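What follows is a short report on a single structure.
The values are calculated or read from the model by the stated rules, or taken from the named source; none is laboratory data. Remember, predicted model here, so these are calculated numbers, not experimental data. We place every Cβ from the backbone using ideal geometry, glycine too, and count neighbours over all the protein chains shown.
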Amino acid sequence: MTVFLIRRLMQSVVVLFVMSLIVFVGVYAIGNPIDILISPEADQMERERAIRALGLDLPLWEQYAVFLQRAVLGDLGRSFAFSTPALQLIVERMPATLELAIAAMGISIAIGIPLGMWAGFRPESVAGRAIMAGSILGFSLPTFWVGLMLIMVFAVHLGWLPSTGRGETVEVFGIRLSILTRDGIAHMILPAFNLALFKMALVIRLTRAGMRENLLMDYVKFARAKGLSTGRVIFVHVMKNIMIPVVTILGLELGSVIAFAVVTETIFAWPGMGKLIIDSINQLDRPVIVAYLLVTVSMFIIINLVVDILYSVLDPRVRLKEMKS
Amino acid sequence: MMMLRPGWLLAATLTVAAGTASGADLTIGLGGAVSAMDPHYHNVATNNMVTRHIFGRLVDQDARQKLIPDLAESWKAVDDTTWEFKLRKGVKFHDGSDFDAKDVVATLSRVPWVPNSPSSFAIFTGQITETKVIDPYTIQMKTAQPFPLMPVFMSGFAIISDAFERAPTEDFNSGKAAIGTGPYKLKQFVRGDRIELEKFDGYWGGKQDWDKVSVRQITNSAARVAALLSGDVQIIDQVPTADFARLKKDPNTVVSSVVSNRLIYLAMDSNRDQTPFVTGKDGQPLAKNPLKDVRVRKAMSMAINRPAIVDRVMEGQAIAAGQLLPEGFFGTSPNLKVEKFNADGAKKLLAEAGYPSGFAITLHTPNDRYLNDEKVAQAVAQMLTRVGIQTKVEALPFATYAPRSSKLEFSFMLFGWGSGTGEVSSPLRSLLATYDSKKGNGPSNRGRYSNPKVDEALEAALRTVDDAARQKLLQQASEAAINDVGLIPLHYNINNWATRKGYSYEPRSDESTLAMGVKRTSR
């Protein structure tokens, strides 16, 4: 176990290093952020000054060396646009994204599993077919279009819900949360549902497949033969078995929802990390882009590590020592 | 999970129908992003418009960018190199302290100091060689050379309290140092989301219409329009052209427009003998750069049907341009008219210049910077192709486009220029003066256009304190540059704001969205 962890840690450091190098060089190749940041009225001297102030006058390798030196000490640099430490910017935005991601996951589970179970239990019924057709839409409709339609219908025409923004927030231990206020929840419903739609379709499909497969299993027949009610067979015995793949997939999907909620956050002007990264890319705010991707990569590394460890706990046949990556 | 009970729904619907704003609260939907509350940190339009609510300036600009007194009641040139500002008495900062000359001195000292500034306000203070406090309400500024633009430059930056002369940017963002003399106090700055402002009762300029103002950043334009339609915000800026007609027709919204100080123009490499993106029609390099010939440039300008672009591409949301700023701005020339569309004349001029069958050129354009930038470029390309100049359009995101054009990688470019000073020396100096990094001339002259006549007249204008004489010189410089086709003006954008019914906005040529300009028209 210890050997495995150490090896994993070393691999992670290499991944982070390579990642930072690629992003650094990539953003450098796109162009010079000074052209976007500086006032058009600035003259050549002011331009020179700004370039020096942001450290952009050094050759690329030197800029990278400075970055590495500081990164080792936990400082990922200051945002060009905000002059705030990049890591602080990301941490500031994280609660907004986290609560949106968790709400979206909650919605997709709460709606997706019952629908999927019904579709699997009665695949030939009208409802079953309708659910499957709906899940195809959930997969194939582009998120930005659905988001705009949600705003048009629920905010503009019906006026039930606010169109954009985060609403009223409450500070809990210095973290701004909107899930604790009525206004905040009203603001969250549309973006969370928009983000949930794709995952919901995924959950429906997984649950339905699991349901259909398990209903044919011997243990179901045995339970029936024993005289158990349909409800008990389904909700106790079958449910347990179909949850395994669903939970595995959702765990991994949570990471991607957190990291890539860009489209939903942009349409709903939700001040989360996704909006930060898209704004930063538009401004070529390199420290933020690099820091964001490093944080994302770290997150995926940790999730994968936890999954691997959990496997070995759940299934004694899996031995960590033999796992290569 | 939220259960939607019918009663609650009905109530919610009714609130919306009645207009969601309670009392005198105002919510603004802003198309840009705001990076800091430090008024001296980043010289960018969105930051400036928000900090203007909180901080006063010595001199202010009205909706048409005419100078009006703010913290300075009056100003005059004592001699050629000395400007005197008489400060307003009885002005209070948000913390109750008095405003006087020491705050101006502190501000002048802080402006060039701000660390890590990506775009410094020092461009407005660099000309000052000495500041003399005559008495607490009189201050004199000396310059090395005559500097007629001093009052304009004094409208470029905010005055802070001397208590915060060395306060870092973070202190302004947190609100600790965001203490100004403006009509609104900063309540909260939530980066990337919104800015909350509160009325300042001690404001010298009298009572404000709004108790609370919330400025929300909604950068996606479809979402911004939706927020207005749903009544979440009462005013939005940067109305997308596609939604303009609809918002105008909608009985619940009002649109206000004014011609902006932003010129959309084409820049040409008229300096190098060989230019990278001009070839013969067969793809072979040409013997010399045709853009160096004024007849070719003139022909290109004649080949463009500006009214058609304004009508079709801009859907009427622009005005065809014949010079650097719309009529009425200081320094514009009454002699310069919009170039008439004349395809035959263009062909003839091209033949005269030795290109009877034209040549091939690539027009580079950003696709995310100016209103309909790429579409305008496409239209221009078709028009030029019709007179024989085979034009290809290459559209790039501004983040890539700007650095490459600064490195002079292009031959023919679409750009926009908004005159921050509200007069014509700004585009003349930045876009058309001969590039000279020592003098600070031509920093955005990406075609490296050079004309001694323009340089001379401009240089003289920038040394002439007398307004009438300066205006004449600026007109001369404009005429010299435009008649020589130093750039091809296309159109001036029209700035649009949309408000909910019952609200009005005094539209501004500088694209700013200010709560001070929003009025309640009914109820």
Study note, to complete from the structure: Output for Cβ contacts, cut-off 6 Å, separation at least six or different chains, first residue closer than 20 Å to B:Leu228 by Cβ in segment A:266-285, second buried (at least 24 other Cβ atoms within 10 Å of the Cβ) and hydroxyl-bearing (Ser, Thr, Tyr), reads A:Phe268/A:Thr164; A:Ala269/A:Thr164
Point to revise | Extreme residue, surrounded by the fewest Cβ atoms within 10 Å (Cβ to Cβ), among residues of segment B:479-511 that are under 23 Å from B:Thr421 (Cβ atoms) and hydroxyl-bearing (Ser, Thr, Tyr) | key: B:Ser509
Exercise for review: State which residue is surrounded by the fewest Cβ atoms within 10 Å (Cβ to Cβ) when the search covers only segment A:40-71 and only residues that are within 16 Å of A:Asp285 (Cα to Cα) and at the interface with chain B (Cβ under 8 Å from one of its Cβ atoms).
Suggested key: A:Ala53
Exercise for review: Output the residues belonging to segment A:179-216 that are outside any helix (DSSP H, G or I) and free of Cβ contacts under 8 Å to residues at least 24 places away in the same chain.
Suggested key: A:Leu180, A:Thr181, A:Leu216
Exercise for review: Read through the list (1) under 26 Å from the mean Cα position of the chain (by Cα); (2) at pLDDT 90 or above; (3) surrounded by fewer than 23 Cβ atoms within 10 Å (Cβ to Cβ); (4) among the β-branched types (Val, Ile, Thr), then give the number of the only condition that B:Thr138 fails.
Suggested key: (1)
Review point. For segment B:141-260, which fully contained helices (runs of 4 or more DSSP H) count at least 1 residues that are over 30 Å from B:Lys102 (Cα atoms), within 14 Å of chain A (Cβ to nearest Cβ) and modelled with pLDDT of 90 or more?
Key: B:221-229, B:241-249
Review point. If you take the residues in segment B:383-408 that are outside any helix (DSSP H, G or I) and within 14 Å of chain A (Cβ to nearest Cβ), which one is surrounded by the most Cβ atoms within 10 Å (Cβ to Cβ)?
Key: B:Leu396
Revision key, fill the gap. B:Leu408 passes all but one of the listed conditions (1) touching a Leu at 6+ places or on another chain (Cβ under 9 Å); (2) within 25 Å of B:Gly283 (Cβ to Cβ); the exception is number (1)
Check your understanding: Looking at segment A:34-78, what helices (runs of 4 or more DSSP H) fall wholly within it and have at least 1 residues that are farther than 27 Å from B:Ser437 by Cα and modelled with pLDDT of 85 or more?
Key -> A:60-72
Review point. If we scan segment A:4-21, do we find a residue that is out of contact with any Leu (no Cβ under 8 Å at 6 or more places or on another chain), surrounded by fewer than 16 Cβ atoms within 10 Å (Cβ to Cβ), among the charged types (D, E, K, R) and without any contact (Cβ under 8 Å) to a residue 24 or more places away in the chain?
Key: yes
Exercise for review: Might you check whether a residue that is in contact with a Pro (Cβ under 8 Å, 6 or more places away or on another chain), buried (at least 22 other Cβ atoms within 10 Å of the Cβ) and free of Cβ contacts under 8 Å to residues at least 60 places away in the same chain occurs anywhere in segment A:73-89?
Suggested key: yes
Study note, to complete from the structure: Only one of B:Pro334, B:Pro326 is touching a strand residue (DSSP E or B) at 6+ places or on another chain (Cβ under 7 Å) and within 20 Å of B:Gln475 (Cα to Cα), namely B:Pro326
Exercise for review: For B:Leu186, work out the one condition from (1) surrounded by 24 or more Cβ atoms within 10 Å (Cβ to Cβ); (2) more than 21 Å from A:Thr84 (Cα to Cα) it doesn't fulfil.
Suggested key: (2)
Practice item. Return yes or no: is B:Asp368 out of contact with any strand residue (DSSP E or B) (no Cβ under 8 Å at 6 or more places or on another chain), within 28 Å of B:Asp311 (Cα to Cα) and within 14 Å of another protein chain (Cβ to nearest Cβ)? Key: yes
Practice item. For residues that are buried (at least 23 other Cβ atoms within 10 Å of the Cβ), more than 14 Å from chain A (Cβ to nearest Cβ) and assigned to a loop (DSSP other than H, G, I, E, B), tally how many sit in segment B:95-128. Key: 1
Exercise for review: Report, by residue number, each residue of segment B:57-88 that is in contact (Cβ under 8 Å) with a residue 60 or more places away in the chain and under 19 Å from the mean Cα position of the chain (by Cα).
Suggested key: B:Arg57, B:Val59, B:Asp60, B:Gln61, B:Ala63, B:Arg64, B:Gln65, B:Lys66, B:Leu67
Review point. Among (1) free of Cβ contacts under 8 Å to residues at least 24 places away in the same chain; (2) assigned to a helix (DSSP H, G or I), which single condition is A:Leu115 missing?
Key: (1)
